[in-house]
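A short write-up of the structure that comes next.
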Amino acid sequence: MSLSTARLDRFISEHCRISRRAVRLMLAQKRITVDGCIADEIGQRIDKFSKITLDDDILQANQALYIMLNKPIGVVSATKDKLHKTVIDLLDEQDVFFDGLSEQKESLHIVGRLDLNTSGLLLLTNDSRWSERLTSPEHKVEKCYRVTLKNPITDNYVDAFADGMYFSFENITTKPAKFKIIANKTTDQVNEYIAEVKLIEGRYHQIKRMFGRFRNPVIGLHRQAIGNLLLDDNLATGKSRHLTDDEVLGIFTKQQA
C-alpha cells in the first residue's frame, strides 16, 4: 500500500473550511509553509507526514514512527486479539511512545508478522512506503532466523534449502535460501541442533514446512535480523525502542553474501 497524497489547496480548504479561492490568496501572500518552505503551488502534493503551517499555526505535523520490538513467544502479531496479548499491548505496557506521539498508535501496522510461537525482531511503523519496500519481493530484503531442531542436521539440508522446495498446496517453489549449521551435537545429555536460515520471502509457516521435508520438527524459531538491521542485544524480551535514522535507511543497504 503506497502512502496516499493530496493536493495542498484541497487539504487547506477542508481543514480550515474555506474556499480554494481563499487558499490561493493565502499562497500568494506566502502565509503557508510545507516542511519549512513557503508554498506557492496550489497543486503541490502533500502526504500525512508533511508539516503544514498557516501563519505559524501548525495544521499538520504527524511524525513517521519506526519501532523495533523483541517479540516474546505467546504474543500475537496483531493490533487487537481477544485471546492473546498483542504486540500493541506490549507497547502500551512500557509506554514506548513519547513527545506527544501516543495518539498515533492507531496508525501503526506490523511489518512482516511472526507466528505466535516465534520470537525475535518485529518491526512496526506508520509509514506504508517504508514497509512496502521492506516486504516487496523485488527488493529482496533478507530475513535471518535461528532455528532450534529436535533431531540432528545433515549437510543435505544446505543444498535442499539452496535449491528451493516445491509446495504442492500453493503450487510454488520457494526461492533459494541460505542454510548454515550452528550447532549439531549432544553435550552432557543436552541436544543442540541449531541452524541459521536466511530467506527473502515469507510463505505461510515456510521454515517449519521446509524442515518438515526432513521430518525434523522445529522446536524454536527466533528472527535475528531483517536486512542489515539486527535485533538489539540490549533490548530485553518484550521491550521495544524507536529506530535511529541510520537504521531506518541502512536496513536497505545491499547485504554481503
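Details
- Å² of accessible area per residue within the chain, as computed with a 1.4 Å probe and no ligands counted: 58
- Cα convex hull of the chain, projected area averaged across orientations, nm²: 18.1
- Diffusion constant of region 79-224 at 4 °C, which comes from Stokes-Einstein with the Kirkwood Cα-pair radius and 1.567 mPa s, µm²/s: 75
- The chain: most fluctuating residue of ILE12, ILE207, ILE153 per GNM, C-alpha cutoff 10 Å: ILE12
- Projecting the Cα atoms of VAL76, GLN44, VAL158 onto the charge dipole of the chain, computed from C-beta unit charges around the Cα centre, puts VAL158 farthest toward the positive end.
- Note on region 8-75: Kirkwood radius taken over Cα pairs, Stokes-Einstein applied at 10 °C and 1.306 mPa s, translational D equal to 118 µm² s⁻¹.
- For the chain, the carbon plus sulfur part of the accessible surface works out to 48%, probe radius 1.4 Å.
- Loop-resident sites, region 1-56, for trypsin sites (Lys or Arg not before Pro), counting at most 12 other Cβ within 10 Å (DSSP): ARG17, LYS30
- For the options HIS222, HIS109, HIS84, a Gaussian network treatment of the chain with springs between C-alpha atoms closer than 10 Å singles out HIS84 as fluctuating the most.
- Computed with every protein chain present, the accessible area of GLU192 is close to 70 Å² [probe 1.4 Å].
- For ASP127, the solvent-accessible surface with a 1.4 Å probe is about 10 Å², rounded to the nearest 10.
- Positive dipole terminus of the chain, leading residue within GLY212, LEU124, PHE179 (C-beta point charges): GLY212
- Its relative contact order, with pairs defined as Cα atoms under 8 Å and 6+ residues apart, puts region 94-234 at 31 percent.
- Share, in percent, of DSSP beta bridges within the chain that are antiparallel, nearest 5: 90
- Projecting the Cα positions of ALA225, ALA61, LEU199 onto the charge dipole of the chain (unit charges on Cβ atoms of Lys, Arg, Asp and Glu, taken about the Cα centre) puts LEU199 furthest along the positive direction.
- Among MET26, MET210, MET68, residue whose mean-square fluctuation peaks in a GNM of the chain (springs only between Cα atoms under 10 Å): MET26
- FRET efficiency for the pair THR79 and ALA28, taken as 1/(1 + (r/R0)^6) with r the Cβ-Cβ distance and R0 = 41 Å, rounds to 0.40.
- Contour excess over end-to-end distance, with Cα ends at ASN228 and ASP163 and 0.36 nm allotted per residue: 21.0 nm
- Normalised by the number of residues in the chain, the mean separation of alpha-carbon contacts (under 8 Å, six or more apart) gives a relative contact order of 19 percent.
- Estimated from helical segments only, the mean residue ellipticity of the chain at 222 nm is -5500 deg cm²/dmol, where each DSSP H run of four or more residues counts as -39500 (n - 2.57).
The values are calculated or read from the model by the stated rules, or taken from the named source; none is laboratory data. These numbers were taken from a predicted model, which means no experiment stands behind them. Neighbour counts are summed over all protein chains in view; Cβ atoms, including those assigned to glycine, are modelled from backbone coordinates with ideal geometry. These area figures cover heavy atoms from the full protein model, side chains too; ligands, DNA and RNA do not enter into them. Shrake-Rupley method; radii C 1.70, N 1.55, O 1.52, S 1.80 Å.
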